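The structure appears right after this line, and notes come after that.
The values are calculated or read from the model by the stated rules, or taken from the named source; none is laboratory data. None of the values given here were measured: they were computed from a predicted structure. Note that we place each Cβ from the backbone using ideal geometry, even for glycine, and neighbour counts take in every protein chain shown.
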Amino acid sequence: MSSENKNSNQSDMKTLISFMIMAVIFTSIFNIFVSSMTMRKATEITYTQFLTMLEKKQVDMVEIQADRLLITEKVPDEANVTGYYNMAKQYYTGLVNDPELTNRIIKAGATQYREVQNNSPIVSFLASWALPFLLIYVVSGLILRSVSKKMGGVGGPMSFGKNTAKIYAQKETGVTFADVAGQEEAKESLREIVDFLHQPQKYTEIGAKLPKGALLVGPPGTGKTLLAKAVAGEANVPFYSLSGSDFVEMFVGVGASRVRDLFKQALENAPCIVFIDEIDAIGKSRDNQMGSNDEREQTLNQLLSEMDGFDASKGVVILGATNRPEVLDKALLRPGRFDRRVIVDKPDLKGREDILKVHSKEVKLNHDVDLHQIALGTSGAAGADLANIVNEAALRAVRFGKKKVEQCDLMEAVEIIIAGQEKKDRIMTESERKIVAYHEVGHALATALQKNTQPVQKITIVPRTMGALGYTMQMPEEEKYLMNKEEILDQITTYLAGRAAEEVIFHMVTTGASNDIEKATELARNMVAQYGMSERFDMVGLESVQNKYLDGRNVRQCAETTSAEIDEEVLRIIKECHKKAISLLENNQPALHKIATFLLEKETITGQEFMELLKQREENFEKY
Ligand code: ADP
Ligand code: MG
Ligand code: ZN
């Protein structure tokens with residue numbers, strides 16, 4: 001406790017001194033500004049010129065100042081109107097030891113006065129220095145206090161001018177592992193760190209060294225930052241965090257000094273957690289081809305040496321987070337630095353359900369809410385998306401004047417996250433609506449008529465803000481981790497069936513299929529180049545994914561000629577699936593017509609309604 005006080009006193013002194021310097025500078029500038037304002041008008045003349053003016057009785061007033069004479073010209077009578085003082089020209093000349101001066105001035109009929117030495121030097125000092133100083137102190141204090149409050153930092157109002165400004169420190173994060181759902185493996189590996197912070201002697205006694213740092217790796221929004229805070233919360237230690245980009249500045253050396261500051265503060269407050277978010281901003285490999293960046297390299301070097309320098313038994317644990325681990329410098333990852341890697345991946349079905357539960361804890365849920373179903377329909381969503389979905393649903397419930405959130409609110413929220421808000425006011429012509437309806441039913445039919453597909457959840461032709469004019473939602477019955485070749489082919493066929501319906505019914509094509517085409521092509525390409533699902537290339541890896549956690553681009557790993565062959569192979573797959581889609585729909589035209597007509601009328605139909613209509617067709621079919 002007492003040592004903490006001493007520390008804070010020390011840093012208070014420092015900030016006070018730096019503040020003083022700034023205030024002096026400000027006040028000087030202020031004074032120079034003020035005096036330049038008052039001197040603005042006077043032009044310099046020689047003493048002789050001044051005497052000539054006196055003789056010609058052109059002088060109205062002579063002011064004897066400390067270092068000069070300020071001369072105000074007499075204004076001709078005709079111009080003697082109210083604002084004369086402003087119109088009169090002012091001159092000044094140096095002081096000359098002229099005992100006759102007073103006489104001359106009187107003879108010329110001018111007024112003379114000596115500048116009153118401001119009653120006492122104390123008053124003048126107060127006026128020109130102390131007052132502005134005080135003013136600046138109060139104003140800057142107020143501004144900084146409000147700023148630092150907004151940033152949530154613990155720094156006092158005067159902690160500017162130092163590199164510590166951006167360090168975001170929290171005594172208690174208030175987050176615990178219970179707030180992080182669906183990351184059991186990650187939590188497990190971090191629990192050891194928590195234990196270490198609780199009772200370091202248990203580890204040091206036996207001679208065990210704990211890792212100095214752990215790197216949280218995973219796609220955006222999966223809870224890396226949240227986990228780091230939870231570690232601090234669980235261990236009940238302060239949390240120092242800085243984003244990697246905070247280190248990288250225009251000026252070489254600033255980042256390095258920030259690193260130094262961060263570690264200094266952390267060591268003073270050990271045990272604690274230092275968290276460097278988005279560490280790839282500084283930790284990028286130093287030998288990249290794009291030319292070097294001195295500032296970043298210096299910062300990285302500083303970080304490396306700081307990490308080596310401190311004694312881990314003190315209880316400082318460094319956590320880093322990134323979604324691009326592959327670009328990190330090897331030196332950062334070697335033992336003794338960030339040698340432990342904690343994968344924070346997108347949650348699976350159970351994880352998603354748990355995250356939904358965590359976030360709906362404070363939300364009033366109706367009894368019909370089935371979070372399991374929402375979790376099923378949101379495969380691929382990260383924790384942040386799910387938190388967003390729950391909130392959107394609550395907002396929607398309020399909008400509709402409900403007291404509790406119902407399942408339909410949650411379902412709609414999922415769609416809002418996927419496809420954007422409904423855009424009811426977009427007016428489509430009747431023929432456009434018809435095309436969209438057939439297009440969507442095409443997708444739905446292709447799904448229903450093939451074996452290896454997911455059931456249809458909903459078909460709608462209400463346009464959405466994110467560009468879709470309508471869409472067909474599929475809902476898996478269970479979470480799948482593997483897809484076989486047939487399933488992928490059926491999926492491609494489903495994507496292509498929208499356009500196929502347009503062709504079968506209207507014998508024309510529209511722009512509405514661009515998104516389908518993109519997805520189908522990507523799948524087909526991955527089949528050939530990554531999944532080893534073509535006979536031609538067997539199991540050769542032809543492309544690899546660059547940024548695994550950021551939906552990165554695929555990088556070609558083969559010759560250009562091979563690449564052309566991949567294209568041919570992709571074309572073959574797409575053509576085959578397209579043909580299949582067309583024949584599927586041609587053979588089921590009555591159902592296509594019937595369901596599309598129904599959809600045009602209702603705008604949105606559920607998967608159940610869709611299946612019933614489809615079944616009717618089968619019964620009718622049997623009758624004939
Ligand atoms: P990241 O740092 O990985 O990009 P964040 O930790 O900032 O993601 O997560 C953003 C938000 O998403 C969190 O504040 C939290 O509300 C929510 N969230 C993400 N993952 C989880 C999770 N596993 N459990 C609960 N909430 C989560
Ligand atoms: Mg983050
Ligand atoms: Zn489509």
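At-a-glance table
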{"quantity": "Residue count, region 491-545 (criterion: more than 22 Å from residue 584 (Cβ to Cβ) and not in a helix (DSSP H, G or I))", "calculated": "15"}
{"quantity": "Long-range neighbours under 9 Å by Cβ, at least six apart or interchain, first residue farther than 13 Å from residue 20 by Cα within region 122-144, second of a type in the set (Val, Ile, Thr) and at pLDDT below 70", "calculated": "128/34"}
{"quantity": "One residue from 38, 72, 82 being at pLDDT below 70, among the hydroxyl-bearing types (Ser, Thr, Tyr) and not in a helix (DSSP H, G or I)", "calculated": "82"}
{"quantity": "Residue satisfying condition, being within 16 Å of ligand 1 (Cβ to nearest atom) and under 21 Å from residue 462 (Cα atoms), within set 349, 395", "calculated": "395"}
{"quantity": "Test: residue in region 419-432 that is part of a helix (DSSP H, G or I), on the phi < 0 side of the Ramachandran plot, away from ligand 2 (no atom under 16 Å from the Cβ) and of a type outside the set (Gly, Ala, Ser)", "calculated": "yes"}
{"quantity": "Cross-chain or 6+ apart pairs with Cβ under 6 Å, region 447-460 first and in contact (Cβ under 8 Å) with a residue 60 or more places away in the chain, then surrounded by 19 or more Cβ atoms within 10 Å (Cβ to Cβ) and polar (S, T, N, Q)", "calculated": "456/447; 459/472"}
{"quantity": "Selection status of residue 281, within 16 Å of ligand 2 (Cβ to nearest atom), closer than 30 Å to residue 417 by Cβ, at pLDDT below 85 and small (Gly, Ala, Ser)", "calculated": "yes"}
{"quantity": "Residues (over 15 Å from residue 318 (Cα atoms) and more than 16 Å from ligand 1 (Cβ to nearest atom)) located in region 168-194", "calculated": "171, 172"}
{"quantity": "Residue that is nearest to the chain's Cα centre (by Cα) [pool: residues in region 370-398 that are within 13 Å of residue 414 (Cβ to Cβ) and part of a loop (DSSP other than H, G, I, E, B)]", "calculated": "381"}
{"quantity": "Of all residues making up region 298-312, the number that are surrounded by fewer than 19 Cβ atoms within 10 Å (Cβ to Cβ) and closer than 20 Å to residue 209 by Cβ", "calculated": "6"}
{"quantity": "Among the candidates 183, 170, residue that is more than 19 Å from residue 272 (Cα to Cα) and within 16 Å of ligand 2 (Cβ to nearest atom)", "calculated": "183"}
{"quantity": "Single match in 251, 275, 338, 263 (criterion: at pLDDT 80 or above and in a loop (DSSP other than H, G, I, E, B))", "calculated": "338"}
{"quantity": "Residue count, region 415-438 (criterion: of a type in the set (Lys, Arg) and free of Cβ contacts under 8 Å to residues at least 40 places away in the same chain)", "calculated": "2"}
{"quantity": "Residue match in region 404-416 (condition: within 20 Å of residue 586 (Cα to Cα), modelled with pLDDT of 80 or more and touching a Phe, Trp or Tyr at 6+ places or on another chain (Cβ under 9 Å))", "calculated": "no"}
{"quantity": "Failed criterion for residue 452 (all others in (1) farther than 17 Å from residue 602 by Cβ; (2) within 28 Å of the chain's Cα centre (by Cα); (3) away from ligand 3 (no atom under 16 Å from the Cβ) hold)", "calculated": "(2)"}
